[in-house]
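Take a look at the structure below.
Every number here is computed from the coordinates shown, using simple stated rules; none is lab data. Computed from a predicted structure; not experimentally measured. Cβ atoms come from the backbone with ideal geometry, glycine included; neighbour counts cover every protein chain shown.
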Amino acid sequence: MIQAGLKEISAALAEKKISAIELATLFLGRIEQLNPSLNAFITTDRDKTLAMARAADERRAKGERGPLLGIPLAHKDIFCTEGWLTTCGSKMLANFVSPYDAHVVSQFKAAGAVTLGKCNMDEFAMGSSNETSHFGPVKNPWDTSRVPGGSSGGSAAAVAACLTPAATGTDTGGSIRQPAALCGLTGLKPTYGVVSRYGMIAFASSLDQGGPMAKSAEDCALLLSGMAGFDERDSTSLQRKAEDYSRDLNKPLAGLRIGLPKEFFGAGMDDDVRAAVDAALDEYRKLGATTVEVSLPNSGLSVPAYYVIAPAEASSNLSRFDGVRYGHRAAVYGDLVDMYCKSRAGGFGEEVKRRILIGTYVLSHGYYDAYYLQAQKIRRLIATDFSEAFKKCDVIMGPTSPSVAFAFGAKGADPVQMYLADIYTIAVNLAGLPGMSIPCGFGNADMPVGLQIIGPWFAEAKMLNVAHQYQLVTDWHRRRPERGA
Amino acid sequence: MSQWEVVIGLETHVQLQTKSKIFSGASTAFGAEPNRQACAVDIALPGVLPVLNREAVVCAIKFGLAVDGDIASRSIFARKNYFYPDLPKGYQISQYEIPVVAGGGLDIKVSRGDTPTDKRVRLTRAHLEEDAGKSLHEDFHGKTGIDLNRAGTPLLEIVTEPDMGSSAEAVAYAKALHSLVTWIGICDGNMQEGSFRCDANVSVRRPGAPLGTRREIKNLNSFRFLQQAIDYEIGWQINEIEEGRKIHQATVLFDPDTGATRAMRSKEDAHDYRYFPDPDLLPLEITPAWIDEVKAGLPELPQAMQARFEAEYGLSAYDAAVITTQRAAGDFFQLAVSVAGAENAKLIANWMQGELSARLNREERDIADSPISAVQLAGMVRRIADGTLSSKLAKEVFDALWNLEAADADAVIEARGLKQMSDASAIEPIIDEVLAANPKSIEEFRAGKEKAFNALVGQVMKATKGKANPQQVNDLLRRKLAG
């Protein structure tokens, strides 16, 4: 059961081969055993988890059915979870117990999923290595001297090490896809607006999107069907009919046109990553797909544009953490301004402060036009590039990350080096497109490599189909690190 | 003063009368226990998001239509970033580059010498935004309490061009605006509770010179304070300049206790609000169909009603203007006229501006909760018009209705026997008696003393306890004296 996918667990629950309580107990045991060395969870609460499992078993006993009833899940600690500590990886919220559930959390609760705990993450989702968490870095289960990626690194490590069958993540510039790649998982960032952001602590509102992280495309499809849907509490949530994201999983890929952006295959990608991605593309050709070169001429501008827009929004979004109503407040301070300064200086880590300063700067009087407005123009150009490319292809493929998981501290000195870890993922957020990462082999030091699949808006079902067909003929997604065995 | 010209522009924050807040479902009712009407969105918990209340937009559209402004088909909500404890998110959601209403204007009456003339105050813009909470500095022993009940209350900020030239004009504009926003039902107009607050931008200059440096007086919540603050500020600025000092741009507060303004912050400490479009909210789209729908539900506006009352009912411009300063008064008049008939419109206007207005003022009541209804007043006026009731006795009927003693004028007339005597055969014997008893007056009258005639009329009225029709008494008496 530890290694099983959601479909298998769901079937076992339905056939009463195992109860939700037994499942929850099993995974809580794994967490107790392995989390001290991985640091994937910030919070677990055995009593709450078992109460939810018991409730799920009772619902089943009363005749209720459903693919998620009794399924254990972990949530990134960015999702507000009623009665649970919700820290966002920050000292600022180290004492914050949420009085309400995020939309995503309440959707899963309603479906009867059981919360195993809250996963570690880069502070306020700002990071690509999980090194910025106030609660210490998460270790990559494939090699604990290496990072799991970020910011959803806790979710990724927890799934990879089988501490949970699946987890939620969020992706602002690659925070689902990059850790999925670095930990050998399947992760999906939906089209902007498909998953409600209500209760998801905001980093960059126009880019943030929640999504699933799991062992397979099949599992992601099931989870996305549970997460997605219109929510009137989020004005950017899209009014669309509910979708069954599993509906197209089994369609054949013959005739699929795969676009390969030449900008993604140039310098900057490590050779081991290139080899794994090339092999995956060969596999797709065998499945009947054709590949065509496309161009995203403005993709080189995506990192600079992102590092204007995301910090700008973040600098404003994080203003509410002022020590007045909740969260960290300095123990000793003079007047009001001193209270603000000391509370925020003490509550936020270095990377968060850096981005607040960048964001404040680019929005300042006299700089707004030069930075923020320019970045918004680039954003539109990037979206146009993708629209042009999708005239020639059904999906776009390339690497998720330029390298396999790197060692702790490897990119510590220069933040720009860390920012470049997201060079292939950021453009997708700027354009609001759906993006996935699936395991496609191993590179240096036997670390997993991820293949990125990008689709047009609302092409999630198609992308899951593309991923699933590949996973039917390969077993990269079934490989587990030794600690996951 | 004459060698100085005063330039004033007003910014008015009008609290919109919606049931819930502009971006959350919490109630906007005034006076609840602190923080009882602040939900997760209002206190800015992590993860919460704003959702626009369409009722607030309807209010803005109504205003745009009423002032003949341009209603933007697409306007943008922006974040105005600054830290303050009663601003929970650390930013206020407002509109910056593209407001919901642009342009338009409001007509006011201004006095130039003795003749009142019309003047149009041009509006720059009106935009939607959320109110902040309140910081409570009393009762906390050196600490500050925060009440977030008001946080998120919808506001329409209405900005004028610098078109007013005196405190009197500024007050006339503020009153006209107050009347309009209550008329169209978008604001309760309660100034004590802060539903209508003005900021005044004041500068002075020599005639023909470029605009002087302005100072902004914040948060004036009564017409009297508005007048006092502006007058003080004008005097202060002129004095500064005449003594050789320069005016520096500043935000100032008015202290009602001292009657003086004092600087709160200078331009140098002005915030950089770092406005940018709020990514949590979509652009506000207003379709022509939506505007038409709101227009259909808009009441007749004061100026249209005033013109109609002049044209349809022959009221003087003055009477029509007074009756249409308040929508409740206009509606009262309209209802009374529809019951009593257009031919009695003038009489109704007289009663409204005379006895009714005096009584309301004396008891500090609003016409909307007048104890005597429009239908009751109309009933009374009809009895005056048809001769049943004398004007003199009508006051008694009015009092009885005011004191809720009867359902209508007829009931009072009946119960108290106030019906006017218009039957000559009943009045004539009384006149004969009076003439018999006052031979001296008859002599005096015949000697040419008109006063003596009036004394005789008075005697007849007295004898009939005021019920005789005075005109009829006049006529009969003259005929008899002549005969």
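Each Cα pair of the protein assembly as shown feeds into the Kirkwood radius, which the Stokes-Einstein equation turns, at 37 °C and 0.692 mPa s, into a diffusion coefficient of 99 µm²/s.
With neighbour counts taken as other beta-carbon atoms within 10 Å, the residues A:Ser196, B:Ser94, B:Ser195 rank, fewest first, as B:Ser94, B:Ser195, A:Ser196. When the GluC sites (Glu not before Pro) in region B:277-376 are filtered for DSSP coil states and for at most 16 other beta-carbon atoms within 10 Å of their beta-carbon, the remaining sites are B:Glu300, B:Glu363, B:Glu364.
The three principal axes of the Cα atoms in region A:73-131 give end-to-end lengths of 33, 22, 17 Å, sorted in falling order. In this Cβ point-charge picture (+1 for Lys and Arg, -1 for Asp and Glu), chain B has a dipole of about 800 debye about its Cα centre.
Computed from the Cα positions only, the extents of chain A along the three principal axes stand at 64, 54, 45 Å, in decreasing order. For region A:1-137, pairs of C-alpha atoms spaced more than 19 angstrom apart make up 51 percent of the total. Remark: region B:1-87 is approximated by an ellipsoid whose semi-axes, taken from the C-alpha gyration tensor as √(5λ), come to 31, 20, 15 Å, largest first.
Global size of region B:97-162: 19.2, 56 Å for Rg and Dmax (C-alpha atoms, Rg to one decimal, Dmax whole). With everything on Cα atoms, drop me the angle between helix B:54-66 and the longest principal axis of chain B, reported from 0 to 90° to the nearest 10. Approximately 60 degrees, to the nearest 10.
Just so you know, the Rg over Rh for region B:373-483 is 1.08, from Cα atoms, with Rh as the Kirkwood radius. Sorting A:Ile71, B:Ile238, A:Ile423 from the fewest to the most surrounding beta carbons within 10 angstrom yields B:Ile238, A:Ile423, A:Ile71.
Computed from point charges on the beta carbon alone (+1 for Lys and Arg, -1 for Asp and Glu), the dipole magnitude for region B:139-227 about its Cα centre is near 380 Debye. Dividing the summed helix terms, -39500 (n - 2.57) for each DSSP H run of n ≥ 4, by the number of residues in the protein assembly as shown produces a 222 nm estimate of -11500 deg cm²/dmol to the nearest 500. Just so you know, the averaged projected area of the alpha carbon convex hull for region A:1-75 sits at 4.9 nm². Ranking A:Ala166, A:Ala4, A:Ala267 by Cα position along the charge dipole of the protein assembly as shown, where only Lys, Arg, Asp and Glu carry charges on their C-beta atoms, puts A:Ala4 farthest toward the positive end.
The C-alpha atoms of chain B define a longest principal axis, and helix B:470-482 lies at about 30 degrees to it.
Which whole-number percentage describes the relative contact order of chain A, with Cα contacts under 8 Å and a sequence gap of 6 or more? Worked out over chain A, it gives 18 percent. Using only Cα coordinates, the Kirkwood hydrodynamic radius of region A:190-299 works out to 16.9 Å.
Show me the GluC sites (Glu not before Pro) within region B:119-207 that DSSP assigns to loop and that have at most 13 other Cβ atoms within 10 Å of their Cβ.
B:Glu138, B:Glu193
Overall size of region A:394-467 from C-alpha positions, given as principal axis extents largest first: 39, 28, 13 Å.
The long axis of helix B:391-402 is offset from the longest Cα principal axis of chain B by roughly 50 degrees.
Of the two radii for chain B, the radius of gyration is 1.12 times the Kirkwood radius, both from the alpha carbons; that is the Rg over Rh value.
What number, in percent, do you get for the relative contact order of region A:58-186 if the mean sequence gap of Cα pairs under 8 Å and at least 6 apart is divided by its residue count?
After rounding, I find 23 percent.
Put in order of Cβ neighbour count within 10 Å, fewest first, the listed residues B:His141, A:His468, B:His178 become B:His141, B:His178, A:His468. Sparse packing (at most 11 other Cβ atoms within 10 Å of the Cβ) combined with a DSSP loop state is found for the following trypsin sites (Lys or Arg not before Pro) in region A:22-127: A:Lys62, A:Arg65.
If you average the sequence gap of Cα pairs under 8 Å that are 6 or more apart and divide by the length of chain B, what percent do you get for the contact order? Don't skip to the answer; put the middle values down first.
On the way: 852 pairs, mean separation 65.1, N = 483.
For chain B, the relative contact order is 13 percent.
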